[in-house]
Amino acid sequence: MNQRIDFRDQISRNKWKSFFLMVSIFIIFVLFAYAISFAFSPGYFFIIMIFSIIFSLSYIWISFYNSDKIAIASVRAKKASREKYKQYYSLVEGLTLASGLPMPKLYVMNSNQINAFASGRNPENAVIAVTTGALEKLDKKELEGVLAHELGHVANFDIRYMTLVTIMVGMIAIVSEMFLYSLWFRGNNNKNFVFVLIGIAMAILAPIVVKLIQLAISRKREFNADASAVKFTRYPKGLIGALKKIQKDNQPEKKISKAVAPLFFSNPFGNLGGTHPPLEKRIKVLERM
């Protein structure tokens, strides 16, 4: 018999795992920077680092500050009418009372898929969007489970968390590109040839490794949001039912940008890409709560 899982333990455990994975990205960044500092002169190294930090921070900050608007526009979602979507509003209002969160803005996406997403830089600026497929195909408890999952992302500040991860991943990618390009212009005359080789190896491998870590963090945040949904509803069967319907019903969605795929309740392209845990695994964890 499988041991029961307390949703509080699940939330705490996943938060620690996410923190450890973020520290791993930081360590890789430090080691990479250390190798470059030996390969090149300190002055040149600092130019690369300063440029990469300023560029990545500027780009991500603009995206983060407008994350709700960018996400809504990219999927062409429309503001949900309270008169037309009474149950949608009623369920979210009930969940905000249970969670202590402010009421988010509600949107609807025209898609036959069962899906949803949340975005926004903080709970006060949060938005939730659901597909017409979710509103039509899910019963009240299943829809409540999906909406609770999305509010879990809002409560856990997942957009802010993943933005920080994206900044760190972006910095490593920019430093890697600049380092590799600089080798063409500087030639092969560097005396610290061993560190140049180490730098080349890390410039190639570091972006791949940190991207895999980023995907792992994304998966942990999904488990966290599932556990938060159980915390808000005290009814895991609703979320389980929704996930089982997605297993049977969903076809890959071609109209959605891959850039916003990590925001969704389930991967809109199926279980490819690693941004979400397998549906089977999510269901098994929920069945033990």
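The values are calculated or read from the model by the stated rules, or taken from the named source; none is laboratory data. Keep in mind that this is a model prediction, so the values were computed, not measured. Cβ placement follows ideal geometry from the backbone for every residue including glycine, while neighbour counts extend to all protein chains displayed.
Overview of values
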read-out: Sole residue being out of contact with any strand residue (DSSP E or B) (no Cβ under 7 Å at 6 or more places or on another chain) and at pLDDT below 80, chosen from LEU239, LEU286, LEU272, LEU279; value: LEU272
read-out: Some residue of the range 179-195 being loosely packed, with under 13 Cβ neighbours inside 10 Å, at pLDDT 70 or above and under 22 Å from THR275 (Cα atoms); value: no
read-out: Flag if ASN156 is surrounded by fewer than 18 Cβ atoms within 10 Å (Cβ to Cβ) and either modelled with pLDDT under 95 or more than 17 Å from PHE223 (Cβ to Cβ) (or both); value: no
read-out: Flag for ALA134 being in contact with a helix residue (DSSP H, G or I) (Cβ under 8 Å, 6 or more places away or on another chain), at pLDDT 80 or above and assigned to a helix (DSSP H, G or I); value: yes
